[in-house]
Amino acid sequence: MSGTAKIHDAELKPSKLELLAGWLPNQPWFDGDAGDLRRVAAFRFVDPDGEVGIETLLVASGDRLYQVPLTYRPEPLDDELAVLVGTIEHSDLGTRYCYDATSDPVYVAELIRVIHEADNEAELSRGEKSMTVRGSGIVPVSNASMEAARLVRVLDGDHVRTAQPLGTLTGTWTQDGVERTEILATLR
């Protein structure tokens, strides 16, 4: 079980969408208009050590949908490969350093664990879930010496590789009144 994510009734400056509006235009996989970002859905994982917030946002721009996982940390990551999205002032927790979660080892480890164990998203301490996710579980492969997770950033059905993965993370949400289910990540 992924645990329960503690959700604060807090004010954020800038908002998450404002933060992403400044960062997304510099990403090679984003071809939308950051001025019209809309939050479609989100889910959370829980850091087993309770230090790092882990949230994945699905945001739309025009008719495109993007997956943007973020981690929220009380201190900067001491890793030159970590991709800082920016900082947010959280009215309860103070300054939060927001990272592209694909560059944060806590997120990567939790994503791989959820896929391996056929687990799901975290429960929320308050509020309602806007989507669900489920790991597929994996069949151990004797010659697999190293596994790598691949995130699907653009959720249009065309960006999933067709090679058979060891496991997947699948998400389900409602967008414009229609239920959608897509592969969010693969494990190779």
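The values are calculated or read from the model by the stated rules, or taken from the named source; none is laboratory data. What you see is a predicted model; the values in this text were computed from it and never measured. Positions of Cβ are generated from backbone atoms using ideal geometry, with glycine treated the same way; all protein chains shown enter the neighbour counts. In case anyone asks, the SASA skips ligands and DNA or RNA and just uses the protein heavy atoms, side chains included. Shrake-Rupley method; radii C 1.70, N 1.55, O 1.52, S 1.80 Å.
How much accessible area per residue does segment 77-188 have, in Å², with a 1.4 Å probe?
55 Å²
Could you calculate the contour length gain from Asp63 to Asp33, that is, 0.36 nm times the residue separation minus the distance between their Cα atoms, to one decimal place in nm?
Values: separation 30, 0.36 × 30 = 10.80 nm, distance 1.05 nm.
Fully extending the segment from Asp63 to Asp33 adds 9.8 nm.
Ignoring ligands, DNA and RNA, what percent of the 1.4 Å accessible area of the chain is carbon and sulfur?
48 percent
Determine, from the Cβ-Cβ distance of Ile7 and Glu51 and an R0 of 22 Å, the FRET efficiency 1/(1 + (r/R0)^6), rounded to the nearest 0.05.
Once the sixth-power term is evaluated, E becomes 0.85.
Taking 0.36 nm per residue of sequence separation and subtracting the Cα-Cα distance, how much length would be gained by fully extending the chain between Val139 and Leu17, in nm to one decimal?
Numbers: separation 122, 0.36 × 122 = 43.92 nm, distance 3.80 nm.
Taking Val139 through Leu17 to full extension adds about 40.1 nm, to one decimal.
Need one number: nm distance between label points at Arg113 and Thr132, each 7 Å from Cα along Cα→Cβ, rounded to one decimal.
2.2 nm
For Asp47, which sequence-distant residues (separation of 5 or more, or a different chain) have an amide H within less than 5 Å of its own amide H, given hydrogens modelled in the peptide plane?
Amide H neighbours of Asp47, under 5 Å, 5+ apart: Val52, Ile54.
Quick one: what are the phi-derived ³J(HN,Hα) couplings along segment 20-33, Karplus 6.51/-1.76/1.60 with θ = phi - 60°, whole Hz, x for glycine and proline?
5, 4, x, 9, 4, x, 8, 9, x, 8, 9, 10, x, 10
Can you give the relative contact order of the chain as a percent, counting alpha carbon pairs under 8 Å and 6+ residues apart?
Computed over the chain, the figure is 21 percent.
Select from Thr56, Thr172, Ala149 the residue farthest towards the positive end of the dipole of the chain; place +1 on Cβ of Lys and Arg, -1 on Cβ of Asp and Glu, and compute about the Cα centre.
My answer, from the dipole projection, is Thr172.
Go ahead and estimate [θ] at 222 nm for the chain from helices alone: -39,500 (n - 2.57) per DSSP H run with n ≥ 4, summed, over the residue count, rounded to 500.
Using -39500 (n - 2.57) per qualifying helix, the result is -3000 deg cm²/dmol.
Just want to confirm a number: the relative contact order over segment 1-52, from Cα pairs under 8 angstrom separated by 6+ residues, in percent.
So the answer I get is 43 percent.
Give the long-range amide H neighbours of Leu124: residues separated by 5 or more places, or on another chain, with amide H under 5 Å away, using H modelled in the peptide plane at 1.01 Å from N.
Long-range HN contacts for Leu124: Ala5.
Which FRET efficiency value, to the nearest 0.05, is calculated for Glu75 and Val178 with the Förster distance at 25 angstrom and r the Cβ-Cβ distance?
Working: r = 41 Å, r/R0 = 1.64.
Once rounded, the FRET efficiency stands at 0.05.
Amide H of Gly86 versus every other amide H placed in the peptide plane: which residues, excluding those fewer than 5 positions away on the same chain, fall under 5 Å?
Cys98
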